[in-house]
Amino acid sequence: MKRVIIAGTHSGCGKTAVTCALLQALVNRGLSPSAFKCGPDYIDPMFHSRVIGLPSRNLDPWFCDRDMINCILHRHGGEISVIEGVMGFYDGVGEGASTHALTVETGTPTVIVADCKGMSLSIGAEIKGFLTFREPNNIVGFIFNRLPESLVPTAKSLCEELGTRYLGRLPYKKELSIESRRLGLVTAGEISDIKQKLEELSGLAEENILIDEILSLGAAAEDVPFAPPSVPKIDGKPLKIAVARDRAFCFYYEDNLDLLREMGCELAEFSPLSDGSLPENIDGLLLGGGYPELYAAELAANIPMLSDIRGKILCGLPTVAECGGFMYLCKSIGGHRTVGVIDAEARDAGRLRRFGYVELRPLGESPFGNCGLKGHEFHYWDVCDPGGGYAAVRARDGSEYFCAHTGPALYAGFPHLYLYSNPTAAANFVKKCQEYKNAQT
């Protein structure tokens, strides 16, 4: 299977721009690439998906073991799979959650994006450091972001001297930069001229990046043996799960949705912003993360939707609400009335409240049964009562705190859950949806 990782020297070095430029260039050549993101990020995969027209998936060595990662990678691979790294190449929780760990576990050739702003000969020190810090590392070459044309001979000479490949550069164009906010990049759907930017980036890639050589390097990747996971299937008719999807709710791990589909669920998307009610005859509800705080007034104005969701949840509809979805189930977001099944208010904390990986240990009933799960938090908003249905254990330091409002059919909390970390938990949620369906007939 052809594949390549686009990693970076550090966060903000230009990985996403290079990855999207490369993907768009491949699409323009008539190829059908697939895209992946290392780590728990939601926003970068949205940009990938905008380019290739297909979902981009996460590959996370902290969430999953080697078998699961390789299964996801090979199941969704295209003519060539382009995997964007996370942070700097060696960065993560310890060394086990880094892009370096991913390249070793998947045996994938890796290209490092180096941001050259303000550097000349020091580029060589950076190249040497990344090549020699850990071995094996599968680094096959470098792409130099913001490298002036005048320094191309220097970069090529340094690569030759250090025994690696010069794979091109991406010139800096301010008008092609992607805006950011305090939670990260703006989403692809918020950029009105995103398609034009992507086309211009792909043009720069064709002119300045050695795409054919990258394709050749990706074709040389050897497959890694893996054992596919065993996934339980439901009996009888498919279950119908409503999935909130619009500008306010857009953060989902595609793998979670894949797993539910694999178990026999039909997913029906709806908009809490613009629809008047939930889809008909549903057996479960997913309220993902996103930016409900930006659309709180609009969400509050859609009273029929608020009433329908509240009524269905109070009548036992199995529901999973993560981060922004959790806030939506509270009484209010920034003073704007919301669903109100949780007696708490969501307010801007003015600073990053929680960030990082967590393991969740159940403390009471939940639709996931007595199952632990792995997840990730990243939010600036907070609620006065975060819940106590789970104990969250930080991966970084082992500290604990309570989180999530839970009941027999409800999970509502800030952690974004990764269901492949414990497929049994997902199966328990599906069983709960089956019980709800049976009770309605």
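Structure notes:
- Scanning the stretch 342-360 finds no residues that are in a loop (DSSP other than H, G, I, E, B) and closer than 29 Å to Cys315 by Cβ.
- Pair list, Cβ < 7 Å and 6+ apart or interchain, from the stretch 213-238 residues that are farther than 27 Å from Ile5 by Cβ to residues that are surrounded by 11 or more Cβ atoms within 10 Å (Cβ to Cβ) and polar (S, T, N, Q): Ile234/Gln434
- Which listed residue is assigned by TED's automatic domain parsing to the domain that holds Thr103, more than 18 Å from the chain's Cα centre (by Cα) and among the aliphatic types (A, V, I, L, M), from Leu54, Leu22: Leu22
- Looking across the stretch 165-180 at every residue that is surrounded by fewer than 17 Cβ atoms within 10 Å (Cβ to Cβ) and among the basic types (Lys, Arg), the one that is modelled with the highest pLDDT is identified as Lys173.
- Filtering the stretch 204-224 to residues that are at pLDDT below 95 and exposed (fewer than 15 other Cβ atoms within 10 Å of the Cβ) leaves Glu222, Asp223.
- Of the helices (runs of 4 or more DSSP H) lying entirely inside the stretch 272-339, those containing at least 1 residues that are among the polar types (S, T, N, Q) and assigned by TED's automatic domain parsing to the domain that holds Tyr252 span 303-314.
- So Asn70, is it polar (S, T, N, Q), buried (at least 19 other Cβ atoms within 10 Å of the Cβ) and closer than 20 Å to Phe378 by Cβ: no
- Qualifying residue in the stretch 74-81 (condition: over 15 Å from Lys2 (Cα atoms), surrounded by fewer than 24 Cβ atoms within 10 Å (Cβ to Cβ), more than 17 Å from the chain's Cα centre (by Cα) and modelled with pLDDT of 95 or more): no
- On the stretch given as the stretch 193-230, residues that are out of contact with any strand residue (DSSP E or B) (no Cβ under 9 Å at 6 or more places or on another chain), within 30 Å of Pro423 (Cα to Cα) and of a type in the set (A, V, I, L, M) total 2.
- Exactly one residue out of Gly389, Gly407, Gly413 is buried (at least 21 other Cβ atoms within 10 Å of the Cβ), farther than 25 Å from Leu59 by Cβ, of a type outside the set (D, E, K, R) and assigned by TED's automatic domain parsing to the domain that holds Asp283: that is Gly389.
- Residue match in the stretch 20-37 (condition: in a loop (DSSP other than H, G, I, E, B), crowded, with 24+ Cβ neighbours inside 10 Å and free of Cβ contacts under 8 Å to residues at least 60 places away in the same chain): yes
- Any hit, the stretch 322-338, residues being surrounded by fewer than 17 Cβ atoms within 10 Å (Cβ to Cβ), under 15 Å from Ala392 (Cα atoms) and of a type in the set (Lys, Arg): no
- Once the stretch 102-122 is narrowed to residues that are among the aliphatic types (A, V, I, L, M) and surrounded by fewer than 21 Cβ atoms within 10 Å (Cβ to Cβ), the residue that is farthest from the chain's Cα centre (by Cα) is Leu121.
The values are calculated or read from the model by the stated rules, or taken from the named source; none is laboratory data. From a predicted model like this one, the values you see are computed outputs, not experimental measurements. Cβ sites come from the backbone with ideal geometry, for glycine too, and all protein chains shown count toward neighbours.
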